[in-house]
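Asks: One structure, pasted below without further comment.
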């Protein structure tokens with residue numbers, strides 16, 4: 001399998017080089033040169049596999065023989081032995097028509113662990129095999145940072161710097177990042193929003209000479225390895241439901257701000273996984289909902305919500321989807337992204353908008369609806385949703401027809417967002433690892449929201 005850029009100036013690179021490049025050198029995003037196909041007989045056989053076994057089969061399609069199969073199996077096994085549930089991503093039924101796919105059983109209680117435990121192992125493997133130093137640079141709206149740090153903390157040959165928007169992540173998210181004392185970890189609290197953090201990351205990676213001199217590597221969902229790892233749990237959930245006798249094709253309702261998690265579902269469907277609708281659940285930062293409904297992609301005014309990890313106006317994975325909607329026309333995609341940079345918006349033709357609506361349904365959940373979903377679900381089933389998962393449940397309830405089965409991706413443990421849970425007068429008991437965070441000292445440096453300020457801190461760290 002080879003990889004290419006959505007903007008057409010990078011092509012024919014292998015999986016490991018694609019992982020190391022992160023953002024393509026032409027400013028685009030890397031994608032496989034072709035999407036592997038999985039037939040019905042293979043899917044039936046895969047129903048019997050454990051999660052690590054299934055991950056090996058799916059990821060092998062994208063990696064080929066670049067990593068020997070036995071070594072890849074060891075990487076995957078090491079990635080998921082850290083999870084608290086033996087199924088890794090179990091499916092829990094709430095009613096005959098509703099289920100949640102629990103993605104929060106990793107070490108930081110968030111769905112990002114599923115991909116970032118694998119990516120951390122992968123970076124360590126590459127560093128060991130090549131004898132190279134890897135400097136990981138990432139931005140987080142809350143969960144990515146802790147998951148990325150947990151994946152590589154203390155690993156030889158790797159340093160990691162994470163940017164987060166100062167004061168705009170939950171208390172637990174902040175503590176999970178900033179209480180890590182390993183010498184290879186740096187936390188920068190950026191004055192601004194997550195979009196500012198993400199902009200700084202893209203500016204630094206676009207500086208190709210700086211990127212290459214300091215061996216910068218990406219941990220955000222611009223890194224293709226993260227998306228590939230996330231496709232696995234769509235396969236796992238759909239195949240488990242089928243194995244358990246479910247005849248309906250499941251819808252997946254996906255809380256998303258950066259478009260990565262739902263793009264992984266889109267990719268799984270393109271590979272041949274039979275699923276129902278992909279429901280794009282946003283909050284009041286609803287740029288993606290507007291794009292699905294109106295065909296206009298235009299960042300708007302930032303709004304703070306009860307689901308802060310989705311408080312994003314610029315979805316970094318949107319370009320990958322746009323490329324496929326353009327019929328894999330890299331020149332057209334590059335022109336649209338240039339127009340977005342110049343005018344601040346992209347408008348697609350009506351036929352493209354109709355194609356988008358065939359791929360996705362979308363609903364932007366208001367703050368009050370988010371809290372009501374938490375309250376009602378807890379009252380009716382005893383199951384406690386975090387506010388992001390609540391957005392997914394609320395959107396699924398709005399869009400799914402009667403009789404359909406909708407699986408909401410449960411993206412975080414509710415203990416990570418107790419500020420929101422308390423608003424509906426629910427008291428929860430924190431898991432021991434989270435409760436212990438409040439007694440630990442913090443390590444973070446506050447910086448202004450500019451690439452130059454972040455670069456200065458990086459040079460001191462490296």
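Asks: Which residues, counting only those in the stretch 45-65, are in a helix (DSSP H, G or I), more than 18 Å from residue 115 (Cβ to Cβ) and touching a helix residue (DSSP H, G or I) at 6+ places or on another chain (Cβ under 8 Å)? So that I can check it myself, show each step before the final result.
Replies: Residues of the stretch 45-65 in a helix (DSSP H, G or I): 45-46, 51-63.
If we keep only those that are more than 18 Å from residue 115 (Cβ to Cβ) too, we end up with 45-46.
Correct list: 46 only.
Asks: Restricting the stretch 162-184 to residues that are touching a strand residue (DSSP E or B) at 6+ places or on another chain (Cβ under 6 Å) and in contact (Cβ under 8 Å) with a residue 60 or more places away in the chain, which is nearest to residue 223 (Cα to Cα)?
Replies: 163
Asks: May I ask you to verify whether residue 205 is closer than 19 Å to residue 17 by Cα, touching a strand residue (DSSP E or B) at 6+ places or on another chain (Cβ under 7 Å) and crowded, with 18+ Cβ neighbours inside 10 Å?
Replies: On the way: closer than 19 Å to residue 17 by Cα: yes; touching a strand residue (DSSP E or B) at 6+ places or on another chain (Cβ under 7 Å): yes; crowded, with 18+ Cβ neighbours inside 10 Å: yes.
Taking the combined requirement at face value, the residue satisfies it.
Asks: Just one of the numbered conditions (1) under 24 Å from the mean Cα position of the chain (by Cα); (2) closer than 24 Å to residue 22 by Cα; (3) surrounded by fewer than 21 Cβ atoms within 10 Å (Cβ to Cβ) is not true of residue 309; which one?
Replies: (3)
Asks: If I ask for residues that are in a helix (DSSP H, G or I) and under 15 Å from residue 292 (Cβ atoms), which ones from the stretch 346-371 would you list? Spell out how you get there, then give the answer.
Replies: Just the residues of the stretch 346-371 that are in a helix (DSSP H, G or I), to begin with: 350-359, 367-371.
Passing the criteria: 350, 351, 352, 353, 354, 355, 356, 357, 358, 359.
Asks: Being in a helix (DSSP H, G or I) and in contact (Cβ under 8 Å) with a residue 40 or more places away in the chain is the filter; apply it to the stretch 66-99 and report the residue that is farthest from residue 409 (Cα to Cα). Lay out the reasoning, then the answer.
Replies: Applying the first criterion (in a helix (DSSP H, G or I)) to the stretch 66-99 yields 69-80.
Cutting the leftovers down to in contact (Cβ under 8 Å) with a residue 40 or more places away in the chain gives us 71, 75-76, 78-79.
On the way: 71: 30, 75: 25, 76: 22, 78: 24, 79: 20 Å.
Out of the qualifying residues, it is 71.
Asks: Out of the residues in the stretch 18-29 that are within 19 Å of residue 335 (Cβ to Cβ) and not in a loop (DSSP other than H, G, I, E, B), which is modelled with the lowest pLDDT? If you could, list the steps in order and put the result at the bottom.
Replies: Pass one, the stretch 18-29, residues within 19 Å of residue 335 (Cβ to Cβ): 23-29.
Keeping just the survivors that are not in a loop (DSSP other than H, G, I, E, B) gives 23, 29.
Details: 23: 88, 29: 96.
If we take residues in the stretch 18-29 being within 19 Å of residue 335 (Cβ to Cβ) and not in a loop (DSSP other than H, G, I, E, B), then 23 is modelled with the lowest pLDDT.
Asks: Give the residue, chosen from 189, 218, that is crowded, with 20+ Cβ neighbours inside 10 Å, over 24 Å from residue 388 (Cα atoms) and touching a strand residue (DSSP E or B) at 6+ places or on another chain (Cβ under 9 Å). Reasoning before the result, please.
Replies: Details: 189 fails: over 24 Å from residue 388 (Cα atoms).
Step by step, each of 189, 218 is checked, and only 218 is crowded, with 20+ Cβ neighbours inside 10 Å, over 24 Å from residue 388 (Cα atoms) and touching a strand residue (DSSP E or B) at 6+ places or on another chain (Cβ under 9 Å).
Asks: Same structure again: Tell me yes or no: at least one residue of the stretch 83-100 is crowded, with 22+ Cβ neighbours inside 10 Å, in contact with a helix residue (DSSP H, G or I) (Cβ under 7 Å, 6 or more places away or on another chain) and over 23 Å from residue 393 (Cβ atoms).
Replies: no
Asks: Sticking with this structure for a sec: Restricting the search to the stretch 52-65, which residues are free of Cβ contacts under 8 Å to residues at least 40 places away in the same chain and under 26 Å from residue 153 (Cβ atoms)?
Replies: Kept after step one, since they are free of Cβ contacts under 8 Å to residues at least 40 places away in the same chain, are these residues of the stretch 52-65: 52-53, 56-57, 60, 65.
If the condition is that a residue be free of Cβ contacts under 8 Å to residues at least 40 places away in the same chain and under 26 Å from residue 153 (Cβ atoms), then 52, 56 are the ones that fit.
The values are calculated or read from the model by the stated rules, or taken from the named source; none is laboratory data. These figures come from a predicted structure and were not determined experimentally. Cβ: placed from backbone, ideal geometry, glycine included. Neighbour counts: every protein chain shown.
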